[in-house]
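Worksheet: the structure to be examined is printed underneath.
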Amino acid sequence: MASNCFELMMTKLIDIKEIFGRLKPDEFSKSMEQGVLLLMDSIINETANEYMPYVWKRLPNAVKDEIVVLADQESPKFLTAFMTDMQENVHEVMDLKFMCVTECVQNKQLLINIFKEVGEKEFIFIKHSGFYFGFLFGLLQMIIWFFYNGAFVLPVCGFIVGFATNWVALKVIFLPTEPIKLWGGYEILGLFLKRQEEVSETFARVNCVEIMNTKAIWESILNGPKRQNFFAMLRAHSIVFTENMVGGLRPVAITAMGPARFAAMKEDIATKIMEKLPTIIDQSYEYSTYALDMENTLCAKMQSLSKKEFERVLHPVFEEDEFTLVVVGAFLGALAGFLQMIILYTD
């Protein structure tokens, strides 16, 4: 069910590259600015104390601060270039369908809750339709019984009535997919399709709150099946950033520790940036949520679909369980008919 739902969503409603392209790299960099400054201060101090403790301890605080400020000046270029690279290769670092399906598989109640809320009115209709359609089909059974009252008629008719009641109720929800005009300005349209705007709003809101939120997206990038691509990309940009940041210190650093140890220090700084930057990515959540605008995008795309397209987005999810519902109705109808037969034909 989850796979069908999100397969259709990814192909019909969401272009993740277009949506991710809404992030402005410079704005993203600004949202991370304070966190990156503190992060670089920590990394520089940690690395300097490890590789050149004697020199670092004797440097004036003003010089140390200047080095951190230099790193801070380089960080916007680093983050901007990194985000631009991510946008251009978003399919290489993120699998949105995998994220959504995994979340629903791990939390099955989540998908159930989504469709209970989206189809709340239709589920109420199905519950009540048992009385309306059951009564109409029961009248036909009564006519048959009037002309032929064989014992087997009751369970057989019960089976047919139970089957037909649920089958008709389900068809009325999704059919017809195109309005059929009647005399007097009335029209016939599937009950679910009549609520396209309302359903779209509910579906988009619940999905973007429960599943496709900014936190979940970043967690999927950091921990999903394509995380190796993400960290390889981050590592490449971290190396360039480190080279630009410590390049001005090269003469002093090489004199203090030698070229081999200097090269090892650069590698260590790049590794620390790669490992620790994801720990402050939450500082970008507010901006990312605003820029991606997933809820409004999903809602607008669903509302703009034709009735037939809208029916194919959500109906396949329900189709998996329609047969079960119809069979259960037929079984209960046959059981009721069998009990009637026992009552009427048992002396």
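Express the relative contact order of the chain as a whole percentage, based on alpha carbon pairs under 8 Å and six or more residues apart in sequence.
Details: 349 pairs, mean separation 118.0, N = 347.
Over the chain, the number comes to 34 percent.
Accessible area ranking (1.4 Å probe, heavy atoms, ligands and nucleic acids excluded), largest first, for ILE144, ILE43: ILE144, ILE43. For the range 1-121, the spherically averaged projection of the C-alpha convex hull amounts to 11.3 nm².
Note on ASN223 and PHE131: with the Förster distance fixed at 45 Å, the Cβ-Cβ geometry gives a FRET efficiency of about 0.35.
Annotation for ASN107 and LEU38: the two label points, set 7 Å from Cα along the Cα-Cβ direction, are 2.7 nm apart. Gaussian network model of the chain, Cα springs within a sub-10 Å range: biggest mean-square fluctuation belongs to which of VAL206, VAL55, VAL93? Checking each option, the largest mean-square fluctuation is seen for VAL55.
If TYR285, TYR148, TYR51 are ordered by their accessible area, calculated over protein heavy atoms with a 1.4 Å probe, which sequence runs from highest to lowest?
Working: TYR285 55, TYR148 125, TYR51 35 Å².
Largest accessible area first, the residues go TYR148, TYR285, TYR51.
Among the protein heavy atoms, those of MET94 account for about 10 Å² of accessible surface (1.4 Å probe, every chain in place).
So, R0 is 45 Å and r is the distance between the beta-carbons of GLN340 and ASP293; what FRET efficiency does that work out to, to 0.05? Don't jump to the answer; show the numbers that get you there.
On the way: r = 58 Å, r/R0 = 1.29.
About 0.20, to the nearest 0.05.
Computed from Cα positions, the angle between helix 227-246 and the longest principal axis of the chain comes to roughly 20 degrees. Accessible area ranking (1.4 Å probe, heavy atoms, ligands and nucleic acids excluded), largest first, for PHE98, PHE192, PHE125, PHE147: PHE147, PHE98, PHE125, PHE192.
With both labels modelled 7 Å from their Cα along Cα-to-Cβ, the ASP65 to LYS194 distance reads 7.0 nm. Note on the chain: helix-only mean residue ellipticity at 222 nm, from DSSP H runs of 4+ residues weighted -39500 (n - 2.57) and normalised by residue number, equals -26500 deg cm²/dmol. In this view, the solvent-accessible surface of SER129, computed with a 1.4 Å probe and all protein chains in place, comes to about 0 Å². Accessible area per residue was computed with a 1.4 Å probe on protein heavy atoms; ARG312 scores about 90 Å². A simple charge model with +1 on the Cβ of Lys and Arg, -1 on the Cβ of Asp and Glu and nothing else charged puts the dipole of the chain at about 200 debye relative to its Cα centre.
I'm checking a number: the convex hull volume of the Cα atoms of the chain, normalised per residue, in Å³. What is it? Present the calculation step by step, with values, prior to reporting the outcome.
Values: hull volume 56.1 nm³, N = 347.
For the chain, the hull spanned by Cα atoms encloses 162 Å³ per residue.
The values are calculated or read from the model by the stated rules, or taken from the named source; none is laboratory data. A quick note: this is a predicted structure, and the numbers were derived from the prediction, not measured. Heads up, the Cβs are rebuilt from the backbone with ideal geometry, glycines too, and the neighbour counts pull from every protein chain shown. Quick note on the areas: whole protein, heavy atoms, side chains included, nothing else; ligands and nucleic acids left out. Shrake-Rupley method; radii C 1.70, N 1.55, O 1.52, S 1.80 Å.
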